[in-house]
Structure formats: C-alpha cells, structure tokens
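The values are calculated or read from the model by the stated rules, or taken from the named source; none is laboratory data. Quick caveat: nothing in here was measured; it's all calculated off a predicted structure. So basically every Cβ, Gly included, is an ideal-geometry build from the backbone, and we count neighbours across all protein chains shown.
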Amino acid sequence: MGRGHSRNNIRRRHAKAGVETMSRLWSNSESDEISQNAGTTLIAIAKRNRVRISRRMRMRICRTCKKTLNSKNSKTRIKMKTIVVSCLDCGRVHKYRGGA
Ligand SMILES: [Zn+2]
C-alpha cells in the first residue's frame, strides 16, 4: 500500500513543480536577465521531463534564442487565424494555428 509511485512519477512531479516555479519567476520578474534565464530553464525542464507548458507561455518564449518575447523584442501578427510571432533579436518566426 502506498508504494505505487514509480521513480519516474516522482521525477515528473518534481519537474512540474520546477516548471511552476520557473513560470512564476518568468512572468513576475522585472529583470530581463532573470526572466530569460527562467524561460531557458523552463524549456529545459519541460523538454527533459516531457512536462507540458501552457500554450500561452510557449508563445512568449523564442525557441531559437530562448528569450522572453514581449512588445519590445517581438512582433505579433494574426494572419488567417494563425498567430505569427516574430522574434526581433534572432529573426525566428513562430506560427501558432487556431487562435490562442
Ligand atoms: Zn529569438
């Protein structure tokens, strides 16, 4: 009884907690450096542990340079129900279909 947790499950739970902490840090931080770091860590944890991060959050992190995308360093356009987010730092264009 009570021994049903595999090691993998525990790891995933830790990863989820890490993602939550990082996302809080990422969205609340006033420092670009901290939020960028949190964003990078967030992606790394999620990738390694196959934890999902919310779409809204994914849309705000550049997949190439891992920077937090905001109104200063990115452009968001909506074309034919596709959200197009361009990173002005590295030029990467992210496309998200079907609205937010
Ligand atoms: Zn970029």
For region 66-100, how many residues meet the condition of being in contact with a Ser or Thr (Cβ under 6 Å, 6 or more places away or on another chain), within 16 Å of the ligand (Cβ to nearest atom) and among the basic types (Lys, Arg)?
4
Modelled with pLDDT of 85 or more, within 24 Å of ARG24 (Cα to Cα) and loosely packed, with under 13 Cβ neighbours inside 10 Å: is that true of LYS72 in this structure?
yes
Contact list, first residue from region 62-83 and within 18 Å of GLN36 (Cβ to Cβ), second anywhere and near the ligand (Cβ under 8 Å from one of its atoms) and basic (Lys, Arg), beta-carbon distance below 9 Å, six or more apart or interchain, is CYS62/ARG92; ARG63/ARG92; THR64/ARG92; CYS65/ARG92; ASN73/LYS67; SER74/LYS67
Is it the case that some residue within region 43-54 is assigned by TED's automatic domain parsing to the domain that holds ILE10, within 16 Å of the ligand (Cβ to nearest atom) and crowded, with 17+ Cβ neighbours inside 10 Å?
yes
Starting from region 1-17, take each residue that is at positive phi and list its partners that are loosely packed, with under 10 Cβ neighbours inside 10 Å and modelled with pLDDT of 60 or more, counting only C-beta distances under 7 angstrom and pairs at least six apart or across chains.
none
